[in-house]
Amino acid sequence: MTAERADTDRVLDALPGLWQGFSATLIRDCRLRFRRRSELANPLIFFALVVTLFPLGLAPDSTLLSGIAPGLLWVAALLAVLLSLDGLFRDDFDDGTLEQLLLAPQPAGVLVLAKIVAHWLTTGLPLALASPLLGIMLSLPGHSMGILMSTLLLGSATLSLVGAIGAALTVGLRRGGVLLSLLILPLYTPVLIFGAGTVRLAVEGAPLAPWLALMGAMLALSLLAAPWAAAAALKLSLDG
């Protein structure tokens with residue numbers, strides 16, 4: 001009993017340090033991203049341009065547009081997240097901050113998770129918030145807007161977590177963007193299928209609970225594994 005209590009006390013003593021490291025990294029990354037506003041806006045602009053320009057190549061038929069809207073919105077959001085992944089660790093790698101991050105007393109996975117959260121807050125969250133407006137442009141029914149935003153909130157977080165592994169593996173390469181896409185796109189496919197499929201079922205009025213539960217399960221699994229896998233990949237990239 002005494003040993004168990006001592007272990008509990010050590011865990012509780014470590015929590016403030018973990019939280020301080022996490023919050024400091026999160027705040028720092030968010031500040032740096034907001035200072036580079038042009039890079040911050042690129043994914044959102046790309047998302048809006050793809051969704052806006054794509055219907056110009058089709059007939060202005062609201063039935064046709066509403067039918068392709070779930071897939072189009074999700075593909076555009078996925079590509080917008082992928083566009084922003086290459087810079088997730090690269091700036092810190094170039095100026096040497098990444099080495100100091102991995103040498104910090106806090107576990108590397110916790111600090112990497114903070115960087116991923118900052119990436120999602122400045123990339124995935126704006127995409128999800130902007131999606132209802134773009135859904136209206138594609139004649140998406142109003143009752144499916146909430147599901148569209150919910151799936152993008154869940155799915156974009158999963159995309160950021162999984163994409164961080166690929167970004168960590170290619171951070172040391174000069175032209176790692178193409179390789180990053182080849183590594184990550186197969187892993188993104190299940191998220192795309194379930195995300196677009198859930199919105200499509202919402203348009204049809206079908207039950208959504210199992211699909212949302214699967215998306216939540218993918219997010220939970222990614223949250224548990226991806227930060228630690230990305231931290232290990234960063235160490236391999238730095239050692240290489």
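Measure out, as a whole number of angstrom, how far apart the alpha-carbon centroids of region 93-141 and region 171-240 sit.
Cα centres, region 93-141 to region 171-240: 13 Å.
What do you get for the angle between helix 2-35 and the principal long axis of the chain? Use alpha-carbon atoms, 0 to 90 degrees, nearest ten.
Its long axis makes an angle of about 50 degrees.
Using only the alpha-carbon atoms, how far is helix 108-122 inclined from the longest principal axis of the chain? Give it as 0 to 90 degrees, nearest 10.
30
Determine, for each peptide in 119-125, 75-81, the mean count of other beta carbons within 10 angstrom over its residues, then list the peptides with the highest first.
Descending mean neighbour count gives 75-81, 119-125.
Provide Rg over Rh for region 181-231; use the alpha carbon set for both Rg and the Kirkwood Rh (inverse mean inverse pair distance).
1.07
What three numbers, in Å, describe the spread of the alpha carbons of region 43-82 along their principal axes, ordered from the longest?
29, 16, 11
Considering only Gly21, Gly163, Gly57, give the residue with the highest GNM mean-square fluctuation for the chain, with springs between Cα atoms whenever their separation is below 10 Å.
Gly57
From the C-alpha coordinates alone, can you work out the Kirkwood hydrodynamic radius of region 123-182, in Å?
13.1
Keeping every protein chain present and rolling a 1.4 Å probe, give me the accessible area per residue for region 192-240 in Å².
With the other protein chains kept in place, region 192-240 gives 53 Å² per residue.
Can you list which of the trypsin sites (Lys or Arg not before Pro) found in region 120-206 are DSSP loop residues with at most 15 other C-beta atoms within 10 Å?
Here the sparse-neighbourhood loop sites are Arg174, Arg175.
Quick one: work out Rg over Rh on the C-alpha atoms of region 22-144, Rh as Kirkwood radius.
1.11
How large is the translational diffusion coefficient of the chain in µm² per second when you combine the Kirkwood radius over alpha carbon pairs with Stokes-Einstein at 10 °C and 1.306 mPa s?
The calculation lands on 84 µm²/s.
Could you tell me what % of all Cα pairs in region 97-240 have separations over 17 Å?
Summing the P(r) of region 97-240 above 17 Å gives 64 percent of all pairs.
The values are calculated or read from the model by the stated rules, or taken from the named source; none is laboratory data. On a predicted model such as this, the values are computed, not experimentally measured, just so you know. FYI the Cβ positions are ideal-geometry reconstructions off the backbone, even for glycines, and counts take in every protein chain you see. Remember, those area values only see protein heavy atoms, side chains included, never the ligands or the DNA or RNA. Shrake-Rupley method; radii C 1.70, N 1.55, O 1.52, S 1.80 Å.
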